[in-house]
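In what follows, a structure is listed as structure tokens, so that the remarks can point back to it.
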Number of protein chains: 2
Amino acid sequence: MAKEVRVGLVGCGTVGTGVARILLTEADLIEKKAGVRPVLVKVATRDWSKPRPFTVPERLRTTDWREVVESAEVVVELVGGTGVAAEVVKAALRAGKPVVTANKHLLAEHGRELAALAKEAGTVLLFEGAVGGGIPLVKVLKESLVSNEVEEILGILNGTTNFILTKMEEENLPFEEALRQAQEKGYAEADPTFDVEGVDAAHKIAILANLAFGGFVDFSRVFVEGIRGVELLDLRLGRELGYKLKLLAVAKRRPDGKVEVRVHPTFVPLSNPLSTVDGVYNGVLFKSNYLGRLKLQGAGAGAMPTATAVVQDVVQAAKWLAECGRAADLTPLGWDDGELEVADDFYTRYYLRLAVEDKPGVLYQIAKILAEEDISIAGVLQQEWILKFLPDRSEVVPLIILTHKAYESQIKRAISRIERLPFVRSAPVLIRVEEERF
Amino acid sequence: MAKEVRVGLVGCGTVGTGVARILLTEADLIEKKAGVRPVLVKVATRDWSKPRPFTVPERLRTTDWREVVESAEVVVELVGGTGVAAEVVKAALRAGKPVVTANKHLLAEHGRELAALAKEAGTVLLFEGAVGGGIPLVKVLKESLVSNEVEEILGILNGTTNFILTKMEEENLPFEEALRQAQEKGYAEADPTFDVEGVDAAHKIAILANLAFGGFVDFSRVFVEGIRGVELLDLRLGRELGYKLKLLAVAKRRPDGKVEVRVHPTFVPLSNPLSTVDGVYNGVLFKSNYLGRLKLQGAGAGAMPTATAVVQDVVQAAKWLAECGRAADLTPLGWDDGELEVADDFYTRYYLRLAVEDKPGVLYQIAKILAEEDISIAGVLQQEWILKFLPDRSEVVPLIILTHKAYESQIKRAISRIERLPFVRSAPVLIRVEEERF
């Protein structure tokens with residue numbers, strides 16, 4: 001008979017209900033595989049009257065999270081947000097109990113404090129479910145890459161925005177219509193701000209950056225640009241050029257020691273394996289010094305995939321408690337507890353779309369500004385070629401410029417000069433281009 | 001100061017040298033991340049005079065593996081094969097020491113005995129490096145999927161054959177020429193039998209099946225067909241039909257409780273994410289009940305990727321020893337130590353290419369046999385369409401039949417009847433088709 005470990009759950013929404021379901025129905029399988037039996041002893045949520053796809057037995061229910069923290073040996077926090085969730089996590093860690101959470105918001109903004117608390121209390125804070133749903137991204141960084149220097153992470157980390165971009169691309173829908181369909185299907189919330197503005201993906205890439213590079217990113221310094229402004233025209237032009245538009249999360253260690261941590265709509269070449277990660281799927285590319293490139297792709301959200309990740313953490317903590325009396329962690333968040341210096345400026349290629357009057361000298365003057373700002377042009381798109389994408393002939397035509405790598409500050413300076421040119425008729429569209437291949 | 005754990009290495013070939021390199025140069029990084037310091041204390045190999053890309057210090061060298069087992073707390077076996085390697089692993093396990101190996105041959109054929117030995121001795125047998133090189137396939141099965149029923153594994157698990165098939169396809173090379181190029185590049189050994197005949201991939205899928213389904217596959221019952229007989233014509237015809245040819249390793253749990261474990265050249269639709277795993281890369285698709293589909297892709301071989309996997313196991317064992325005094329394992333090989341019943345027969349779709357005389361009644365007689373064997377035809381390819389792939393017009397023409405799902409025994413019976421038809425001019429080509437999508 002395997003040793004039993006008492007597990008408590010705070011928060012019984014979509015993922016919480018999934019966790020309860022797995023713990024209550026798969027205890028035998030887990031015991032057989034892991035040699036330890038996690039026993040769900042208490043579940044707290046504010047409102048037990050809401051309908052749920054799985055019924056938590058009456059005897060396990062409470063509305064008081066403190067009861068959960070008291071009775072459990074492993075505490076699962078699935079409340080979300082940074083209010084009560086923070087209280088729960090802190091109380092459990094202070095009591096020396098391993099905490100499992102899927103709360104990216106809390107970790108991205110208060111990870112440093114929580115990691116320190118776990119260390120002080122001699123316990124662990126596990127969070128596989130916080131990033132990439134069921135895809136074991138945290139595990140790969142913490143365990144598989146324990147001997148490697150991580151150089152770069154490129155990820156599609158938000159299923160909602162990826163669904164919207166795929167819909168726009170495949171069905172030629174404008175953003176608002178694709179968003180509406182995502183909401184209808186339950187892939188986007190009534191208030192989709194966190195997803196659409198890129199904040200959710202930014203929370204996730206900040207957590208991965210902390211783990212990968214060691215240290216903590218000041219979340220307010222993460223560069224975030226969402227997909228609300230994305231125009232169908234650019235998706236289609238990009239496609240003609242061999243690119244797909246993705247909301248890419250990027251974390252890079254630069255030679256100067258600074259890290260780039262950023263989220264923005266990005267053109268990804270079709271030869272990059274992330275270009276085929278479509279719909280609600282998430283996908284991530286890790287690049288490290290010995291292992292090289294590793295790609296993972298799967299369900300980045302959803303109740304049962306995320307619950308699978310949460311339960312794996314619970315079982316890991318339970319295994320340690322059962323065998324060792326306390327839980328240890330291969331590469332804890334905060335393995336290096338310094339601050340990561342986030343680069344103000346980043347270095348990439350750009351796609352620049354301008355609306356210009358169709359008259360002589362236009363390209364000359366724009367090229368002159370780019371040259372003066374030391375930005376090298378990789379390609380200019382002919383206006384005739386673009387015209388087929390436009391509804392009707394007009395005296396204002398788009399001009400597309402692809403640049404070689406340059407600093408964001410350079411391109412921003414160039415744009416501020418270009419948009420003051422008299423023949424430039426509306427605000428330029430700037431999209432970063434990621435040429436990384438597998 | 002983190003606790004030190006003594007690590008010994010038996011075998012100093014390509015991967016062994018990589019492991020020594022990482023342990024000796026990355027000890028600080030590992031200590032910082034994992035809070036434990038693995039210290040390489042002894043390395044055994046038969047011949048120290050061979051040139052190696054990394055020099056193991058004189059003081060660590062020995063030619064006697066027993067010395068390694070005696071002096072180390074964690075023993076790494078990288079000898080390969082089933083001779084000395086088995087002795088090393090058994091001696092270390094009997095001494096109660098965690099063993100890390102990348103020896104798929106040993107595990108596929110003697111895994112049951114070794115797993116029992118580890119259990120008896122209260123220690124662990126770790127083998128991330130044995131399957132998929134640096135891709136954490138073992139970890140995903142053991143840890144991420146601890147609460148899930150695994151339904152299916154599809155994998156490209158051998159880089160050599162994948163390189164050869166990619167070369168054949170991309171450069172229209174016949175098998176022998178592509179093999180020669182693989183040997184020139186060091187991707188294939190002078191004797192490529194294990195790779196080319198599918199045995200290496202079979203070892204790997206057998207190990208994954210044991211872990212996924214719980215129990216042990218009798219390796220002699222794994223169906224193995226290599227790529228030596230693959231003709232360029234079929235690759236090209238397949239491409240026209242929307243397929244890529246891959247040496248696919250398959251492990252499936254069937255509704256009747258039996259498992260299919262098999263390796264054979266397989267047509268994979270371009271919409272399947274494994275179709276883009278080209279060259280020496282490996283890629284695997286896991287399907288499980290809660291997590292759904294998860295795909296991993298990366299370096300399936302090579303010194304440093306495989307060494308990364310081996311070192312991760314070493315660090316995991318060392319962490320347990322340092323914190324707990326002994327090592328435990330989330331889902332050990334042999335978590336269910338029964339025998340897996342391997343299906344004799346398997347159930348899939350087929351591509352059948354026949355060389356037939358170009359005369360009336362041919363299709364009628366073949367279709368009649370298939371109908372009598374209860375095999376449903378999904379498509380027949382017109383002969384005119386195929387002719388463009390043939391060097392010159394001839395009275396013998398290819399006829400391609402795609403079937404719906406059928407048992408291998410049915411198709412084999414049908415083929416033995418078809419090849420006796422007077423107008424069938426050479427042995428039919430049979431290729432399995434895997435329609436699984438992401």
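Nothing in this text is a laboratory measurement; each read-out follows from the coordinates by a stated rule. These figures come from a predicted structure and were not determined experimentally. For neighbour counting, all protein chains shown are included, and Cβ atoms are generated from backbone atoms with ideal geometry for every residue, glycine included.
Computed from the C-alpha gyration tensor, the three semi-axes of the ellipsoid equivalent to chain B are 46, 23, 17 Å, from longest to shortest.
To the nearest 0.05, what FRET efficiency results for B:R413 and A:R239 with a Förster distance of 45 Å applied to their C-beta separation? Mind dumping the intermediate values first?
Working: r = 48 Å, r/R0 = 1.08.
Here the calculated transfer efficiency is 0.40.
The fraction of Cα-Cα pairs per 5 angstrom bin, counted from 0 for the range B:347-433, comes to 3, 14, 28, 27, 17, 8, 3, 0 percent, rounded to whole percents. Charged neighbours of A:V310, selected by a Cβ distance under 11 Å, balance to -3 (K, R count +1; D, E count -1). Note on B:C324, B:C12: ascending count of other Cβ atoms within 10 Å places them as B:C324, B:C12, the fewest first. Of all beta-carbon atoms in chain B, the one sitting closest to the axis that brings chain B onto chain A gives B:C324, 2, with the distance in whole angstrom. Each copy carries a label point for A:W48 at 7 Å from Cα toward Cβ; from one copy, the others' points are 7.1 nm away, ordered from shortest. Dividing the alpha-carbon radius of gyration of the range A:1-66 by the rule-of-thumb value 2.2 N^0.38 Å gives 1.13. When the charge dipole of the protein assembly as shown is built from unit charges on Cβ atoms (+1 for Lys and Arg, -1 for Asp and Glu) and taken about the Cα centre, the candidate among B:V89, B:I369, B:V140 whose Cα reaches farthest toward its positive end is B:V89.
In the range B:141-297, the inverse of the mean reciprocal separation of distinct Cα atoms equals 16.0 Å; this is its Kirkwood hydrodynamic radius. Where does the protein assembly as shown land on Rg/Rh, using Cα atoms and the Kirkwood Rh? Across the protein assembly as shown, the Cα-based Rg/Rh ratio is 0.99. Applying 1/(1 + (r/R0)^6) with r as the Cβ-Cβ distance of A:E435 and B:E113 and R0 = 51 angstrom yields a FRET efficiency of 0.50. In this assembly of identical copies, the label point of A:N289 (Cα plus 7 Å along Cα-to-Cβ) is separated from its counterparts by 4.4 nm, sorted shortest first. With both labels modelled 7 Å from their Cα along Cα-to-Cβ, the A:V380 to A:V84 distance reads 6.1 nm. The number of Lys pairs in the range A:347-433 with C-alpha atoms less than 19 Å apart, excluding pairs fewer than 8 positions apart on the same chain, is 4.
P(r) tail for the range A:37-119, what percent of Cα pairs lie past 15 Å?
On the way: 1960 of 3403 pairs.
For the range A:37-119, the fraction of Cα-Cα distances above 15 Å is 58 percent.
Each residue, B:T55 and B:E357, gets one label point 7 Å from its Cα in the Cβ direction; the gap between the two is 7.4 nm.
Cβ crowding within 10 Å ranks B:D313, A:D337 as A:D337, B:D313, fewest other Cβ atoms first.
Do any of A:K50/A:K185; A:K252/B:K104; A:K33/B:K244 go past 29 Å between their Cα atoms, and which? If you can, show how the numbers build up before the last one.
Working: A:K50/A:K185 20 Å; A:K252/B:K104 35 Å; A:K33/B:K244 36 Å.
Beyond 29 Å between Cα atoms: A:K252/B:K104; A:K33/B:K244.
Residues with beta-carbon under 10 Å from that of A:R349, excluding A:R349: net charge, scoring Lys, Arg +1 and Asp, Glu -1? Present the calculation step by step, with values, prior to reporting the outcome.
On the way: positive: A:K405, A:R432; negative: A:E434, A:E435.
Net local charge, A:R349 excluded: 0.
Summing charges over neighbours of A:F175, with a neighbour being any other residue whose Cβ is under 9 Å away from its Cβ, gives -2 when K and R count +1 and D and E count -1. With a Förster radius of 51 Å applied to the beta-carbon distance between B:D256 and B:R326, the computed FRET efficiency rounds to 0.80.
Listed by Cβ neighbour count within 10 Å, with the fewest neighbours leading, A:E73, A:E67 appear as A:E67, A:E73. Once both labels are modelled 7 Å past Cα along the beta-carbon direction, what's the A:E184-B:S71 spacing in nm? Modelled inter-label distance: 7.1 nm.
For B:K139, the aspartates and glutamates whose Cα falls under 18 Å of its own Cα, not counting residues fewer than eight places away in the same chain, are A:E31, A:E128, A:E143, A:D313, A:D329, B:E128, B:E149, B:E151, B:E152, B:D313, B:D329, B:D336.
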